[in-house]
Amino acid sequence: MSDIDRNTVETVRDAVYKSCLLQDDERWEEWLDTCDDSFEYAITAFSPEIQCDMTYLSGNKQYMQGLTKMLPKHNTDHSPLKRHCVVYDVDIDGDTATAISSVLIYQTLLDGTNSHIDAGTTRLFVAGRYIDKFKLVDGKAMFTSRTTKLDTRRLDKGSHWPL
Amino acid sequence: MSARNQSEWMADPKFAEGEWVDSRIYSDETIFNEELEKIWKKTWIPVCHESELSDAYDFRTFTIAKEPIIVTRDKDMTVRAFLNVCPHRGNMIERRPSGSFKEGTPSGTPKKMTCMFHAWQFDMKGKCTYISRQKEGYQDRLEKGDVGLRQLKSEVYFGGFVWVCLDDDMSKTVAEWANGAFDELQPALDAEPLEVFHYHKAIIPTNYKLWHDTNCEFYHDYLHYHNRITGFNDAYFARKNTGFDNGHITVGSFEVNYDNYEGFESREDVSFPHLPPNHWYMIDLFPGINFNLRGSALRCDLVTPLGPNEVMIEFRGLGLKSDTPEIRKTRIDHHNSIWGPFGRNLHEDLLAVTGQGNTMNPQADNRRILLGRHENQTIHDENGMRHYYEEWGRWLNRSPSNPDKPFEETPPAKIAAA
């Protein structure tokens, strides 16, 4: 691998990890600023119950901007989510790239059920993979899509937040 | 009077009988076990949609009243239900949620249900077809005909849903049990084959009836941003809750102005047969099933009570089998935006009922759960829940307002038909 390719791979990895920090901190606007205008977002899963690939949420950048902008207007479980992510593979193809990462998202309970009893308990919320695609421009990796492909189908209260 | 002391808190509300329920019906272990025996084992329960076992030898597994159930499709495409229990030593025959018996398993041959424990086999009709070393161990004392599976009553009805009843003495068909609750929706459900495109589950700490209550009333509009901001208009409030015998209710249809919802557009381009675009119709079936058709997507909630304060809810979204990929994507997006696990409304509904579950402590002072809203049987009326608990009282012979007392019919008991 050439030095240029190594640098590009590092740039892509950094973009994935940065996105985790931004989403963990609910800095939605900054997160979407790392996304190209053509960005498409989806949360998907395969269901052995109904034997099909499912989409749990999808939208373009504008849809995700509207969704995140309206978050304060909803009644929401405010238990913070934290991502543990490992980038397994980065594939560079000209000025595009694809990254596949493992992601575990933990939830530390706050107000969702009985805060006196539960608050502070950390548990696994979902497990899955990020499948991210990028446009490589001027040394930066801009997300053109993120698919959060979940293994988890027991989602209990669910969430209003993009995973 | 502002806040109250204990005796004031424990006093009966200034409402008529039937306009409140005692919180013990949501928390008492004895009552819960009675519900499983007297209601869940005696009524028709939808367990899945037939599209989930579309081919011969396909199967799905479930639980009703803690009994493990398997539903199979035979080579002639007949769907049957059995206890998922081997008659030998009680092992669960099939552990997977779904699959096919077409291929063999490590302990068994193709096209048979095989108990992995001792390799006994059964066909899709529940007949025992193989007992390992039968003559050596049982001589002439046991024949295969003696050890067939326990078959359960089952029907495929109302849009292809698979219904199971654990009671061999159930005299009503599914149609008779529904007793007209599906009349308005049935043309839309039966016009052409449906298909499930969405499945997820929630296991939450609350009583199954608290979830069903939420599906039976719209007063909780205040919980949801879109409903609060854009939903309230004359047509919305004119919708009627209508009761049917056997404890079912429906919520009448109206046209939703989705383009008034921030971030949404009209959904008029995609609907169901015989349902006007953007219309919304709901059925709440006793003892706890919801069919919810919002224009472009059908949602179905199937509940499995796990304990007085624990319920599993399986959420399904359905479209038409004939959907093009573009139409199917539209249905999925519409379904998810409101009802998906990351959509706007479902999360809020689940937060509210888990909050209720937290306070229904069996050792606590009994709560009085108020069901006293009267608004001419329109959607903020609580007549739907009153109708449900009247039926509940009959089945358990317990008064919902005081479960230590036997049930008494309380006139005026019936909701006016629409």
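The values are calculated or read from the model by the stated rules, or taken from the named source; none is laboratory data. Treat the numbers as computed from the prediction; the structure is a model and nothing was measured. FYI the Cβ positions are ideal-geometry reconstructions off the backbone, even for glycines, and counts take in every protein chain you see.
Overview of values
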read-out: Check on A:Leu32, assigned to a helix (DSSP H, G or I), surrounded by 17 or more Cβ atoms within 10 Å (Cβ to Cβ) and either more than 14 Å from chain B (Cβ to nearest Cβ) or polar (S, T, N, Q) (or both); value: yes
read-out: Candidates B:Asn309, B:Asn336 - the one that is closer than 19 Å to B:Asp28 by Cβ and not basic (Lys, Arg); value: B:Asn309
read-out: Condition broken by B:Leu350, with the remaining ones in (1) under 17 Å from the mean Cα position of the chain (by Cα); (2) outside any helix (DSSP H, G or I) satisfied; value: (2)
read-out: Test: B:Val162 is within 14 Å of chain A (Cβ to nearest Cβ) and among the β-branched types (Val, Ile, Thr); value: yes
read-out: Residue match in the range B:275-290 (condition: touching a Ser or Thr at 6+ places or on another chain (Cβ under 8 Å), within 22 Å of A:Cys52 (Cα to Cα) and more than 11 Å from chain A (Cβ to nearest Cβ)); value: no
read-out: Qualifying residue in the range A:35-52 (condition: hydrophobic (A, V, I, L, M, F, W, C), buried (at least 20 other Cβ atoms within 10 Å of the Cβ) and under 27 Å from A:Ile4 (Cα atoms)); value: yes
read-out: Residue that is surrounded by the most Cβ atoms within 10 Å (Cβ to Cβ), among those in the range B:361-407 that are aliphatic (A, V, I, L, M) and within 28 Å of B:Gly252 (Cα to Cα); value: B:Met385
read-out: Exclusive hit being aliphatic (A, V, I, L, M) and in contact with a His (Cβ under 8 Å, 6 or more places away or on another chain), set A:Val87, A:Val103, A:Val137; value: A:Val103
read-out: Cβ pairs under 7 Å, 6+ apart, first in the range B:328-349 and farther than 23 Å from B:Thr214 by Cα and within 7 Å of another protein chain (Cβ to nearest Cβ), second crowded, with 22+ Cβ neighbours inside 10 Å and among the β-branched types (Val, Ile, Thr); value: none
read-out: One residue from B:Gly126, B:Gly137, B:Gly99 being on the phi > 0 side of the Ramachandran plot and not in a loop (DSSP other than H, G, I, E, B); value: B:Gly99
read-out: Matching entry among B:Ser2, B:Ser7 (being surrounded by fewer than 16 Cβ atoms within 10 Å (Cβ to Cβ) and not in a loop (DSSP other than H, G, I, E, B)); value: B:Ser7
read-out: Criterion: of a type in the set (S, T, N, Q) and surrounded by fewer than 17 Cβ atoms within 10 Å (Cβ to Cβ) - qualifying residue of A:Thr8, A:Thr98, A:Thr76; value: A:Thr98
read-out: Residues of the range A:15-34 that turn out to be touching a strand residue (DSSP E or B) at 6+ places or on another chain (Cβ under 8 Å) and over 18 Å from A:Ala141 (Cβ atoms), as a count; value: 1
read-out: Selection count, the range A:120-162, where residues are outside any strand (DSSP E or B), more than 23 Å from A:Asp36 (Cβ to Cβ) and more than 13 Å from every other protein chain (Cβ to nearest Cβ); value: 2
read-out: Matching residues in the range A:53-62 - criterion: being out of contact with any Asp or Glu (no Cβ under 7 Å at 6 or more places or on another chain) and within 7 Å of chain B (Cβ to nearest Cβ); value: A:Met54, A:Thr55, A:Tyr56, A:Leu57
read-out: Residue match in the range B:27-49 (condition: under 30 Å from B:Arg394 (Cβ atoms), over 16 Å from the mean Cα position of the chain (by Cα), of a type in the set (Phe, Trp, Tyr) and more than 14 Å from chain A (Cβ to nearest Cβ)); value: yes
read-out: Selected residue (only one of A:Ile4, A:Ile43, A:Ile50 is under 30 Å from B:Ser100 (Cβ atoms) and not in a strand (DSSP E or B)); value: A:Ile50
read-out: Residue match in the range A:73-87 (condition: modelled with pLDDT of 95 or more, over 17 Å from the mean Cα position of the chain (by Cα) and either more than 10 Å from every other protein chain (Cβ to nearest Cβ) or over 18 Å from A:Ala15 (Cα atoms) (or both)); value: no
read-out: Selected residue (criterion: farthest from the other protein chains (Cβ to nearest Cβ)) from residues of the range B:57-96 that are assigned to a loop (DSSP other than H, G, I, E, B) and aliphatic (A, V, I, L, M); value: B:Ala65
